[in-house]
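Accompanying notes for the structure given below.
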Amino acid sequence: MADKIPSRFIRIQEEYPEIMAAYQAMGDAVHNAGPIDEKSRALIKLGISTGARLEGAVSSHTRKALNVGASREELHQVALLSLPTIGLPAMMAALKAIDAVLEDKES
């Protein structure tokens, strides 16, 4: 599950290695820029992806959060917290993407 990287992302890495190395370095820098622990960062990024309505990012950040110890309940709470701010359709879409990752993990 952790290795489920979209083929398009892999292709971009192969075609533009310098750009993707810079992107990775920026990601590492922002992750290390403060005191927030790894699991909390993963859940925050899941929330950001939910708010931006980026289904692929919701799936990706769900997998990353699971890899650092987030529970099903924590993942669901992130989606539920989006309800008053961005509405029912966006929350439902996030839950659908989260549950798809969870079901994939269980199979």
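Throughout, read-outs are computed from the coordinates displayed, never taken from laboratory work. Please read all numbers here as calculations on a predicted model, not as lab measurements. Positions of Cβ are generated from backbone atoms using ideal geometry, with glycine treated the same way; all protein chains shown enter the neighbour counts.
Simple point charges give the picture: +1 on the Cβ of Lys and Arg, -1 on the Cβ of Asp and Glu, and for the chain a dipole about the Cα centre of about 200 debye. Only one residue of 77, 102, 49 has its Cα farthest out toward the positive end of the dipole of the stretch 42-107, where Lys and Arg carry +1 and Asp and Glu -1 on Cβ, and that residue is 49. The count of lysine pairs in the chain that are at least 8 places apart or cross chains, and whose C-alpha atoms lie under 13 Å apart, stands at 5. In plain terms, the residue of 68, 78 with the fewest other Cβ atoms within 10 Å comes first and the most crowded comes last, giving 68, 78. Ordered from longest to shortest, the equivalent ellipsoid semi-axes for the stretch 37-106 are 17, 13, 10 Å, each the square root of 5 times a Cα gyration tensor eigenvalue.
Counting neighbouring Cβ atoms within 10 Å and putting the fewest first, the residues 105, 45 line up as 105, 45. The phi torsions of the stretch 14-23, fed into the Karplus equation with coefficients 6.51, -1.76 and 1.60 and a -60° offset, translate into couplings of 6, 7, 9, x, 5, 5, 5, 5, 5, 4 Hz, rounded to whole numbers, with Gly and Pro shown as x.
Using Cα springs under 10 Å in a Gaussian network model of the chain, which residue among 29, 65, 52 shows the largest mean-square fluctuation? Result: 29 has the largest fluctuation of those listed. Placing R0 at 30 angstrom, the Cβ-Cβ distance between residue 86 and residue 37 gives a FRET efficiency of 0.75 after rounding to 0.05.
Report the relative contact order of the chain, percent, no decimals, based on alpha-carbon pairs under 8 angstrom and at least 6 residues apart. Relative contact order here is 27 percent.
Helix content alone sets the calculated 222 nm mean residue ellipticity of the chain: runs of n ≥ 4 DSSP H residues at -39500 (n - 2.57) each, divided across all residues, give -24500 deg cm²/dmol.
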